[in-house]
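Here's the structure, in structure tokens; my notes come after.
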Amino acid sequence: MRQYAWLDLYGGMWLLLTGKPNEPVRRWADKDSALAELREEGWTITGPPPKRFLIKQDPRQRIYGYGLTRTVH
């Protein structure tokens, strides 16, 4: 089974959002630490969404998030 998640910067912390309400939100202060730990757990980092999929936004805003996938047995 394929599992999807999103790593997003919010309030100065990196949060792993899985969409599962029963799972606690995991938090990291450092993006590199979060990505390294998640890779060790088998997550594949797919990167931020391509610009063509983004809705026109205020140019001062930036996308910080990363998509993640992994196969769960």
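So that you can scan it fast, the table gives a plain yes or no per residue for (1) within 15 Å of R70 (Cβ to Cβ); (2) at pLDDT 90 or above; (3) exposed (fewer than 12 other Cβ atoms within 10 Å of the Cβ):
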| position | (1), (2), (3) |
| --- | --- |
| Q3 | yes, no, no |
| L7 | yes, yes, no |
| Y10 | no, no, no |
| M13 | no, yes, no |
| P24 | no, no, yes |
| D30 | no, yes, yes |
| E40 | yes, yes, yes |
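Hey, any hits in segment 48-64 for a residue that's in a strand (DSSP E or B), surrounded by 12 or more Cβ atoms within 10 Å (Cβ to Cβ) and either touching an Asp or Glu at 6+ places or on another chain (Cβ under 8 Å) or modelled with pLDDT of 85 or more (or both)? Outline the logic, then answer.
Looking only at segment 48-64, we keep the residues that are in a strand (DSSP E or B), and these are none.
Checked segment 48-64: no residue is in a strand (DSSP E or B), surrounded by 12 or more Cβ atoms within 10 Å (Cβ to Cβ) and either touching an Asp or Glu at 6+ places or on another chain (Cβ under 8 Å) or modelled with pLDDT of 85 or more (or both).
The values are calculated or read from the model by the stated rules, or taken from the named source; none is laboratory data. Please read these numbers as outputs of a predicted model, since none were measured by experiment. FYI the Cβ positions are ideal-geometry reconstructions off the backbone, even for glycines, and counts take in every protein chain you see.
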